[in-house]
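Here's the structure we're looking at; comments come further down.
Each reported figure results from applying straightforward, stated rules to the coordinates on display, with no laboratory input. Quick caveat: nothing in here was measured; it's all calculated off a predicted structure. All Cβ positions, glycine included, derive from the backbone under ideal geometry; neighbour counts span all protein chains shown.
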Amino acid sequence: MPIQQIHPPSHFISDTHFGHNNILRYDRRPFENVYRMQREIVKRYCDAVQRTDTVLWLGDFALGLSRDDETELLRSLPGRKILVRGNHDRHSKTRLLLTGFDAVLDIAEIIDPELGPVLCVHNPLRAATHPEYRYVVHGHRHSPEPVSDVGGVRRVDCGVVAWDYYPAPYAKVIDLLRGL
């Protein structure tokens, strides 16, 4: 799959798992039920993201919602939304676009003015097939700690668990990649 170069977003987000009841137990998420989780993540998203912002969604948007519910939810969120597919984003590209994503990719690259190329994937293990990258932004791990270093590669997990259920601001993610 070719890597698509995109402009740096204002925020990253991953692993919201809207509609996924088992994620509450799996991640030990601090919500009474999946509806309260969804409501709180949407509130925090709307607090952080403006209409003119771009959000790079690093996979696992929803699991278990109807198509109409996915569409209503996604279209209620401000900003331009680009999806890098995760393992639970199994719908066709066409359906994901009709749901409200502005673009659907399998893998992406951002050129940061200070760091240079940054690989954007859902599962950080995909970075192993691209050893030329020293910086990786990802989801999938559901880790409470956003930063890891693996084999000389600096990685930042943008899953909601690591960011108190808010989208991760681009500048903060870049600072973490830089080691600040």
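Overview of values
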| read-out | value |
| --- | --- |
| Output for region 3-22, where each listed residue is touching a strand residue (DSSP E or B) at 6+ places or on another chain (Cβ under 6 Å) and on the phi < 0 side of the Ramachandran plot | I3, Q4, Q5, I6, P8, P9, S10, H11, F12, I13, S14, F18 |
| Selection within region 141-180 - in a loop (DSSP other than H, G, I, E, B), surrounded by 19 or more Cβ atoms within 10 Å (Cβ to Cβ) and out of contact with any Ser or Thr (no Cβ under 7 Å at 6 or more places or on another chain) | R141, H142, P146, Y165, P167 |
| Scope region 126-155; condition in contact with a Pro (Cβ under 9 Å, 6 or more places away or on another chain), over 16 Å from L115 (Cβ atoms) and not hydroxyl-bearing (S, T, Y); matching residues | G139, H140, R141, V150, G151 |
| Inter-residue pairs, beta-carbon under 9 Å, first in contact (Cβ under 8 Å) with a residue 12 or more places away in the chain and in region 113-135, second part of a loop (DSSP other than H, G, I, E, B) and of a type in the set (S, T, Y), 6+ apart | P117/Y133; V118/Y133; L119/Y133; A127/Y133 |
| Residue ID - surrounded by the fewest Cβ atoms within 10 Å (Cβ to Cβ), chosen from residues in region 114-129 that are within 15 Å of the chain's Cα centre (by Cα) and part of a loop (DSSP other than H, G, I, E, B) | N123 |
| Sole exception among (1) closer than 22 Å to D164 by Cα; (2) more than 14 Å from the chain's Cα centre (by Cα) for K93, by number | (1) |
| Selection count where residues are in a strand (DSSP E or B) and farther than 22 Å from L24 by Cβ, scope region 57-89 | 5 |
| Residues within region 10-32 that are touching a residue at least 12 places away in the same chain (Cβ under 8 Å) and part of a loop (DSSP other than H, G, I, E, B), tallied | 9 |
| Residues of region 16-49 satisfying the condition of being more than 20 Å from G86 (Cα to Cα) and of a type in the set (A, V, I, L, M, F, W, C) | F31, C46, A48, V49 |
| Filtered residue count, region 95-113, keeping only those that are touching a Lys or Arg at 6+ places or on another chain (Cβ under 6 Å) and either assigned to a helix (DSSP H, G or I) or surrounded by 14 or more Cβ atoms within 10 Å (Cβ to Cβ) (or both) | 4 |
| Candidate set from region 1-31 (those that are loosely packed, with under 14 Cβ neighbours inside 10 Å and within 17 Å of the chain's Cα centre (by Cα)); member that is nearest to W163 (Cα to Cα) | H7 |
